[in-house]
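Here the structure comes first, spelled out in structure tokens, and everything after it is commentary.
The values are calculated or read from the model by the stated rules, or taken from the named source; none is laboratory data. Fair warning: this is a prediction, and the values are worked out from it, not measured in the lab. With ideal geometry, Cβ positions are generated from the backbone for all residues, glycine too; neighbour counts draw on all protein chains shown.
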Amino acid sequence: MESENDEPSSGKLLAKYFLDGILFSIIFLALGIAWAFLFAALVLVGYMIGLVIGILVLLFIIGWLNAGLTGMIWNVSIRTDWKSLLAHGFALLLALLVAHVPEIIVNFAVLGLASTVVMFVVNCFIDGFVAKGITGY
């Protein structure tokens, strides 16, 4: 029996990484679509200033979403002041872009629904691991 002070089992740890990754992906999809409309409007109205504001909003969304999910799933408190969310979003965006390079390569090499589904499931684990890792910094 596992006590509160023991490390979680490998299965529980993998399940938490997967849960973190899939929730991030699903919620970010919805927020990302809303952000895209906002971004387009900002760029149309404000040109370069709108572009900068839109990118900053994206970074805040990513930082806020990951801070919330990390708090719920991993029971870790994260600073949520604007500077922390901005830095957190920037670091996570860069890390996820790098982590998704193999997926991009595989999807170019092997076109099809099966490879896309497999890469999505694999990336749920990777995204959860990366998101939790970035939270530590």
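Quick check on my filter: what residues within segment 109-137 are hydrophobic (A, V, I, L, M, F, W, C) and over 18 Å from Leu14 (Cα atoms)?
Ala109, Val110, Leu111, Leu113, Ala114, Val117
Exactly one residue out of Ile22, Ile49 is surrounded by 14 or more Cβ atoms within 10 Å (Cβ to Cβ), part of a helix (DSSP H, G or I) and not hydroxyl-bearing (Ser, Thr, Tyr), and it is Ile22. Taken over segment 11-29, residues that are within 15 Å of the chain's Cα centre (by Cα) and in contact (Cβ under 8 Å) with a residue 24 or more places away in the chain amount to 12.
The rows are residues; the columns are (1) closer than 15 Å to Cys124 by Cβ; (2) modelled with pLDDT under 95.
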| site | (1), (2) |
| --- | --- |
| Phe18 | yes, no |
| Ile27 | yes, no |
| Ala40 | no, no |
| Gly46 | no, yes |
| Trp64 | no, no |
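When Lys16 is tested against (1) touching a Pro at 6+ places or on another chain (Cβ under 8 Å); (2) exposed (fewer than 11 other Cβ atoms within 10 Å of the Cβ), just one condition goes unmet, and that condition is (2).
Applying the selection to segment 92-105, what residues are buried (at least 16 other Cβ atoms within 10 Å of the Cβ) and modelled with pLDDT under 95? Passing the criteria: only Glu103. Gly89 meets the stated requirement of being within 15 Å of Lys132 (Cα to Cα), surrounded by 18 or more Cβ atoms within 10 Å (Cβ to Cβ) and at pLDDT 95 or above. Of the helices (runs of 4 or more DSSP H) lying entirely inside segment 59-137, the ones with 2 or more residues being farther than 22 Å from Lys16 by Cα and touching a residue at least 24 places away in the same chain (Cβ under 8 Å) are found at 82-99.
Listed by first and then second residue, the pairs with beta-carbon distance under 7 Å, at least 6 apart or on different chains, first residue in segment 37-52 and within 19 Å of Leu86 (Cα to Cα) and without any contact (Cβ under 8 Å) to a residue 60 or more places away in the chain, second among the aliphatic types (A, V, I, L, M) and surrounded by 11 or more Cβ atoms within 10 Å (Cβ to Cβ), are Leu38/Val57; Leu42/Ile53; Gly50/Leu42; Gly50/Val43; Leu51/Val43. Looking at Gly32, is it closer than 24 Å to Phe90 by Cβ, under 12 Å from the mean Cα position of the chain (by Cα), modelled with pLDDT of 95 or more and crowded, with 17+ Cβ neighbours inside 10 Å? Against the criterion (closer than 24 Å to Phe90 by Cβ, under 12 Å from the mean Cα position of the chain (by Cα), modelled with pLDDT of 95 or more and crowded, with 17+ Cβ neighbours inside 10 Å), Gly32 does not qualify. In segment 97-108 there is no residue that is farther than 24 Å from Ser10 by Cβ and of a type in the set (Gly, Ala, Ser).
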